[in-house]
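The values are calculated or read from the model by the stated rules, or taken from the named source; none is laboratory data. From a predicted model like this one, the values you see are computed outputs, not experimental measurements. Using ideal geometry, Cβ is built from the backbone for each residue, glycine included, and neighbour counts are taken over all protein chains shown. Side chains are part of the model used for accessible areas, which takes the heavy atoms of the whole protein and leaves out ligands, DNA and RNA. Shrake-Rupley method; radii C 1.70, N 1.55, O 1.52, S 1.80 Å.
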Number of protein chains: 2
Amino acid sequence: MEMWEAIRARRNVRTYAERPIAHKDLNRILEATRRSPSSSNRQRWDFVICTDRAQLEDLSTVWRGAGHVAASAATIALVAPNGDDARTRESVQYDLGQATMSIMLAAADLGIGSGHAAVSDQELARRILGFPEDRFCAWLIALGYPADRPLTPIERPNRRPLEDVVHRGQW
Amino acid sequence: MEMWEAIRARRNVRTYAERPIAHKDLNRILEATRRSPSSSNRQRWDFVICTDRAQLEDLSTVWRGAGHVAASAATIALVAPNGDDARTRESVQYDLGQATMSIMLAAADLGIGSGHAAVSDQELARRILGFPEDRFCAWLIALGYPADRPLTPIERPNRRPLEDVVHRGQW
């Protein structure tokens, strides 16, 4: 897909068709994720990719808003080091945001929808995913072909107007 | 450009050709940015776009690592609310990371390079950009056509290998 089409077609998708995602497509999304920029190229992240139905159902219980993970075709768990200080934790989150957008746009390019979930029960997430004590699971990004309608460019996104959010030269 | 090409061609660019960026291309990058997802669609961000050379030179002094902003064709300043608590500040940074990646990929699609800068002197940034007291300038994203060579897909990115950074099912 053309980039400009994918950027306009991406939307949060939380209901998924039963169709699986081909292994090569998941790998392409993960390759895009791996290439994301990060502070001093530190890459303070690991990505756990889950496709097993029982595991996805378990994962969907780590936060009250993660129900859509259960029926996703795949979910990428973003795992990062526990930061020692506020500055580190904020910097890690910024980098994870960059990785997240890479996932979502690479998925949209393939017609695959995506939806975020936070993680409130870290101990449960740790038991399900097996990451070490010095890490936390920051986010889950659920993936799947949309159950409702294919991804096509959105003409009027539900966003603040350009002239409101953009300032030219000065606030 | 095809999305997959742009994802592989994006790289941090800090030396820029003198060529300006067309107004319509800047607007397209800002449109992509505006469409980024955010927590509960709160869009806790404003974007100040700077193209004036004297202003860019001033902006390049807000952090010791922001020198590349001076010769950029344009720089987008990401301004966000001062968060009252750590959780809010981390959430804002995550969302700004998503917006940043939208900028960088939309720019790469047009053959335009991009490079981050942090902001350490908030009072100076405020004087230059005019944003209110209850906001801070989180990041600068400098933009410009690369001075060295055009953006083309990178075969071997300087990143952890896929098999190291990706875990299948379990850590």
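Which one is farthest from the other protein chains (Cβ to nearest Cβ), of the residues in the range B:32-56 that are under 19 Å from A:Ser102 (Cβ atoms) and either outside any helix (DSSP H, G or I) or among the acidic types (Asp, Glu) (or both)? It would help to see each step written out before you state the result.
To start, the set of residues in the range B:32-56 that are under 19 Å from A:Ser102 (Cβ atoms) comprises B:32-39, B:45.
Okay, now just the ones that are also either outside any helix (DSSP H, G or I) or among the acidic types (Asp, Glu) (or both), so B:35-38, B:45.
Values: B:Arg35: 5, B:Ser36: 7, B:Pro37: 6, B:Ser38: 9, B:Trp45: 7 Å.
The qualifying residue farthest from the other protein chains (Cβ to nearest Cβ) is B:Ser38.
Among the residues of the range A:50-81, which ones are surrounded by fewer than 20 Cβ atoms within 10 Å (Cβ to Cβ) and not small (Gly, Ala, Ser)?
Taking the range A:50-81 as the starting set, the residues that turn out to be surrounded by fewer than 20 Cβ atoms within 10 Å (Cβ to Cβ) are A:51-55, A:57-58, A:61, A:63-65, A:67, A:70-71, A:81.
Answer for the range A:50-81, where residues must be surrounded by fewer than 20 Cβ atoms within 10 Å (Cβ to Cβ) and not small (Gly, Ala, Ser): A:Thr51, A:Asp52, A:Arg53, A:Gln55, A:Glu57, A:Asp58, A:Thr61, A:Trp63, A:Arg64, A:Pro81.
Conditions (1) modelled with pLDDT of 95 or more; (2) within 21 Å of A:Leu56 (Cα to Cα); (3) out of contact with any Lys or Arg (no Cβ under 7 Å at 6 or more places or on another chain), marked per residue:
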site: A:Asn82; (1), (2), (3): yes, no, no
site: A:Asp85; (1), (2), (3): yes, no, yes
site: A:Val92; (1), (2), (3): yes, no, no
site: A:Thr100; (1), (2), (3): yes, yes, yes
site: A:Met104; (1), (2), (3): yes, yes, no
site: A:Leu129; (1), (2), (3): yes, yes, yes
site: A:Leu140; (1), (2), (3): yes, yes, yes
site: A:Gly144; (1), (2), (3): yes, yes, yes
site: A:Pro157; (1), (2), (3): yes, no, no
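Quick one: B:Asp95 ticks every box in (1) open to solvent by less than 40 Å² (accessible area, probe 1.4 Å); (2) more than 7 Å from chain A (Cβ to nearest Cβ); (3) part of a helix (DSSP H, G or I) except a single one, so which number is it?
Here B:Asp95 clears every test but (2).
Scanning for something more than 8 Å from every other protein chain (Cβ to nearest Cβ) and open to solvent by 10 Å² or more (accessible area, probe 1.4 Å), does the range B:98-110 turn up at least one residue?
For the range B:98-110, residues more than 8 Å from every other protein chain (Cβ to nearest Cβ) and open to solvent by 10 Å² or more (accessible area, probe 1.4 Å): present.
Could you list, ordered by first residue, the pairs with Cβ atoms under 8 Å in which the first is in the range A:24-42 and in contact (Cβ under 8 Å) with a residue 24 or more places away in the chain and the second is open to solvent by 30 Å² or more (accessible area, probe 1.4 Å) and of a type in the set (S, T, N, Q), at least 6 apart or interchain?
From the range A:24-42, the pairs are A:Leu26/A:Thr51; A:Pro37/B:Asn12.
May I ask you to list the residues in the range A:57-87 that are of a type outside the set (Gly, Ala, Ser) and either in contact with an Asp or Glu (Cβ under 7 Å, 6 or more places away or on another chain) or assigned to a loop (DSSP other than H, G, I, E, B) (or both)? Working first, answer last.
Step one: filter the range A:57-87 for residues of a type outside the set (Gly, Ala, Ser), giving A:57-59, A:61-64, A:68-69, A:75-76, A:78-79, A:81-82, A:84-85, A:87.
Scanning the range A:57-87 gives A:Thr61, A:Val62, A:Trp63, A:Arg64, A:Val79, A:Pro81, A:Asn82, A:Asp84, A:Asp85.
Go through (1) assigned to a loop (DSSP other than H, G, I, E, B); (2) open to solvent by 50 Å² or more (accessible area, probe 1.4 Å); (3) away from chain A (no Cβ under 12 Å) for B:Glu133 and report which single condition fails.
(3)
Taking the range A:1-17 as the search range and keeping residues that are open to solvent by 30 Å² or more (accessible area, probe 1.4 Å) and in contact (Cβ under 8 Å) with a residue 24 or more places away in the chain, which one is farthest from the other protein chains (Cβ to nearest Cβ)? Before the answer, list the steps.
Just the residues of the range A:1-17 that are open to solvent by 30 Å² or more (accessible area, probe 1.4 Å), to begin with: A:1-2, A:4-5, A:8, A:11-12, A:14-15, A:17.
Checking which are in contact (Cβ under 8 Å) with a residue 24 or more places away in the chain leaves us with A:1, A:5, A:8, A:11-12, A:14-15, A:17.
Numbers: A:Met1: 6, A:Glu5: 8, A:Arg8: 7, A:Arg11: 8, A:Asn12: 6, A:Arg14: 12, A:Thr15: 17, A:Ala17: 21 Å.
Looking at the filtered set, the residue picked out is A:Ala17.
Residue by residue, here is whether (1) closer than 26 Å to B:Ala77 by Cα; (2) of a type in the set (Ser, Thr, Tyr) holds:
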| position | (1), (2) |
| --- | --- |
| A:Asp84 | no, no |
| A:Leu110 | no, no |
| A:Asp121 | no, no |
| A:Arg126 | no, no |
| A:Glu133 | no, no |
| A:Phe136 | no, no |
| A:Thr152 | no, yes |
| A:Val166 | yes, no |
